[in-house]
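A.B. asks: Below is one structure. I have some questions about it.
Values in this text are rule-based calculations from the coordinates and carry no lab data. Owing to the predicted nature of the structure, the values given are computational and were not obtained by experimental measurement. Reconstructed Cβ throughout: ideal geometry from the backbone, glycine too, with neighbour counts over all protein chains shown.
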Amino acid sequence: MNPPELAQRLHAAEAVSRDAGRLATRYLADPDALEVTLKGAQDVLTAADGAVERLIVATLRAAFPRDAFLGEEGGRVNGGGPDDACWVIDPIDGTANFARGLPHWCVSIALVVAGRTELGVIYDAGADLLYAATRGAGAWRNGERVSVSTTTDLARATVDVGYSSRTPVEAFGDLVTVLLRRGINVTQCGSAALGLARVADGRLDGYAERHLFAWDALAGLLLVEEAGGCANAFLTGDALTAGNETIAATPALYAVLVDTLAGR
Ligand code: IPD
Ligand code: CA
C-alpha cells in the first residue's frame with residue numbers, strides 16, 4: 001500500500017472512531033437500550049457493541065470496498081484488494097466497564113497489510129483522546145506526538161495486566177504475584193487497547209496479558225512501538241484469528257515482563 005493510500009485510511013479511521021465513540025456514548029444515556037447480556041462468564045456484550053461495529057464497517061467499506069474486515073462482533077468480510085489489506089476492529093474494548101458506566105473503554109481500529117500492522121487508531125471517548133499511529137511515522141494523541149515513559153526503576157513502574165477466562169486463573173494470579181514481588185505496581189483497568197494506548201503515552205510503563213485477540217491488541221501494539229517502546233511479535237502463525245500473548249513496555253521494562261510471563 002503506498003503512503004497516500006495509507007494516509008487516506010488513517011484519516012477515515014480517525015473520523016469513524018470519533019463517530020463510533022459518540023454512538024456508543026449515546027447508548028450510555030439510555031440504559032434500557034444497552035441490552036446487557038453475557039457471551040460467557042464475565043464476557044459482557046451490549047447492543048452498542050454490534051451497532052458500533054456495523055457503523056465502522058459500513059463507513060470504511062463504502063470508502064475502501066476492496067479491503068477485508070475482521071471485527072470482534074461480526075466476524076470476517078473478505079476483501080479482494082491486491083495487498084490483503086484487512087481492518088481489525090474492536091468496536092468497544094472494555095465492554096464490562098462500558099456496561100457499568102465506568103470510563104475505561106475505547107474504540108480500537110487497526111489495519112493489517114500483508115501480515116503487518118500498518119495503522120492503529122484508538123479513541124478514548126470518555127476522555128476525548130484520539131490516539132493514532134502509522135508505521136514509521138510515530139505515535140500521536142490529539143495531534144501531539146507521544147512517547148513511552150523513561151521509567152527504569154521497578155519501584156516506580158506501573159504495569160496494567162489483563163485477564164479473561166480464556167486462560168487459567170492460576171496463571172493470572174502467578175503473573176500478578178511475581179510482578180508485585182519484583183516491586184512493580186499492578187493495575188487492571190479492563191481494556192487492553194486502552195492499557196496499551198496508555199503505555200504509548202507514558203502514563204503506564206507496560207501491559208501484559210496471556211491471551212488477547214487481534215482486535216484487542218494490534219492498534220495498541222503499533223502505538224507502543226511507534227512511541228519508542230517494545231512489543232512482542234503478535235502476528236505470528238494464526239494469531240490474526242486465534243489471538244496471542246501480548247507484552248508491551250518501555251525498553252527498560254520489556255525484558256522483565258517477557259521473563260515474568262515465561263516464568264523466569
Ligand atoms: C476484553 C478487554 C479486557 C481484556 C480481555 C478482553 P472486551 O475485551 O480488553 O481488558 O483483559 O482479554 O477480552 O470484551 O472488553 O472487548
Ligand atoms: Ca476487546
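A.B. asks: Using a simple spin-label model with points 7 Å from Cα along the Cα→Cβ vector, what separation in nm is obtained for residue 36 and residue 144?
C.D. replies: According to this spin-label approximation, the distance is 3.4 nm.
A.B. asks: Once the Cα atoms of helix 169-181 and of the chain are each reduced to a long axis, what angle between those two axes, in degrees from 0 to 90 to the nearest 10, is obtained?
C.D. replies: For 169-181 against the chain, the angle is about 60 degrees.
A.B. asks: While we're on this one: Can you pull a Stokes-Einstein diffusion coefficient for region 154-261 at 20 °C (1.002 mPa s), Rh from Kirkwood over Cα pairs, as a whole number of µm²/s?
C.D. replies: For the chosen part, D equals 160 µm²/s.
A.B. asks: A further question follows. Most mobile of 24, 62, 12 per a Gaussian network model of the chain (Cα springs, under 10 Å)?
C.D. replies: For the chain, modelled as a Gaussian network with Cα springs under 10 Å, the answer is 62.
A.B. asks: Work out the FRET efficiency for residue 58 and residue 128 from their Cβ-Cβ distance, taking R0 = 30 Å, and round it to the nearest 0.05.
C.D. replies: 0.80
A.B. asks: Just to be sure I understand: with springs between alpha-carbon atoms less than 10 Å apart, which residue in 102, 45, 196 has the highest mean-square fluctuation in the Gaussian network model of the chain?
C.D. replies: Of 102, 45, 196, the most mobile in the Gaussian network model is 102.
A.B. asks: Still on this model: Give me 211, 104 ranked fewest to most by other Cβ atoms within 10 Å of their Cβ, as a rough exposure proxy. Write out the running numbers ahead of the final one.
C.D. replies: Details: 211 17, 104 21.
Ranking 211, 104 by Cβ neighbours within 10 Å, fewest first, gives 211, 104.
A.B. asks: Also, quick follow-up: Test of understanding: ordering 246, 241, 134, 167 by Cβ neighbours within 10 Å, fewest first, what list do you get? Let's see the in-between values first.
C.D. replies: On the way: 246 27, 241 11, 134 22, 167 15.
The order, fewest Cβ neighbours first, is 241, 167, 134, 246.
A.B. asks: Can you give the Kirkwood hydrodynamic radius of the chain from its Cα pairs, in Å with one decimal? Walk me through the numbers before you get to the answer.
C.D. replies: Details: mean 1/r = 0.0548 Å⁻¹.
After inverting the mean inverse Cα-Cα distance, the result is 18.2 Å.
A.B. asks: Per residue, how much space in cubic angstrom lies within the convex hull of the C-alpha atoms of region 3-146? Provide the component values of the computation, followed by the final result.
C.D. replies: On the way: hull volume 15.6 nm³, N = 144.
Measuring per residue, one finds 108 Å³ for the Cα hull of region 3-146.
A.B. asks: With a 10 Å Cβ neighbour count serving as the proxy for reagent exposure, in which order, fewest first, do 17, 147, 164, 108 appear?
C.D. replies: Details: 17 26, 147 15, 164 18, 108 33.
Exposure proxy ranking, most exposed first: 147, 164, 17, 108.
A.B. asks: Take every Cα pair under 8 Å in region 154-261 that's 6+ residues apart, average their separations, divide by the length, and report that relative contact order as a whole percent.
C.D. replies: Numbers: 194 pairs, mean separation 30.3, N = 108.
After rounding, I find 28 percent.
A.B. asks: Using the alpha-carbon atoms, what tilt in degrees (0 to 90, nearest 10) does helix 214-226 show relative to the longest principal axis of the chain?
C.D. replies: So the helix axis and the longest Cα principal axis differ by about 70 degrees.
A.B. asks: Right, another one. How big is the charge dipole of region 154-261 about its Cα centre, in debye rounded to the nearest 20, if each Lys and Arg gets +1 on its Cβ and each Asp and Glu gets -1 on its Cβ?
C.D. replies: On the way: 7 positive and 12 negative charges, 63 e Å.
Computed charge dipole of region 154-261: roughly 300 debye.
A.B. asks: Let me have the 222 nm mean residue ellipticity of the chain computed from DSSP H runs of 4+ only, each contributing -39500 (n - 2.57), with the sum over all residues rounded to the nearest 500. Display every interim value, and only then the final one.
C.D. replies: Numbers: 9 runs with 102 residues, N = 264.
One gets -12000 deg cm²/dmol as the mean residue ellipticity at 222 nm.
A.B. asks: Further question: What's the local net charge at residue 263, with K and R +1, D and E -1, over the other residues with C-beta under 14 Å away?
C.D. replies: Details: positive: 181, 182, 210, 264; negative: 170, 174, 245, 259.
Taking every other residue near residue 263 into account, the sum is 0.
A.B. asks: With everything on Cα atoms, drop me the angle between helix 251-261 and the longest principal axis of the chain, reported from 0 to 90° to the nearest 10.
C.D. replies: Approximately 80 degrees, to the nearest ten.
A.B. asks: In nanometres, what is the gap between the two model label sites at residue 8 and residue 177, each 7 Å from Cα along Cα-to-Cβ?
C.D. replies: 5.5 nm
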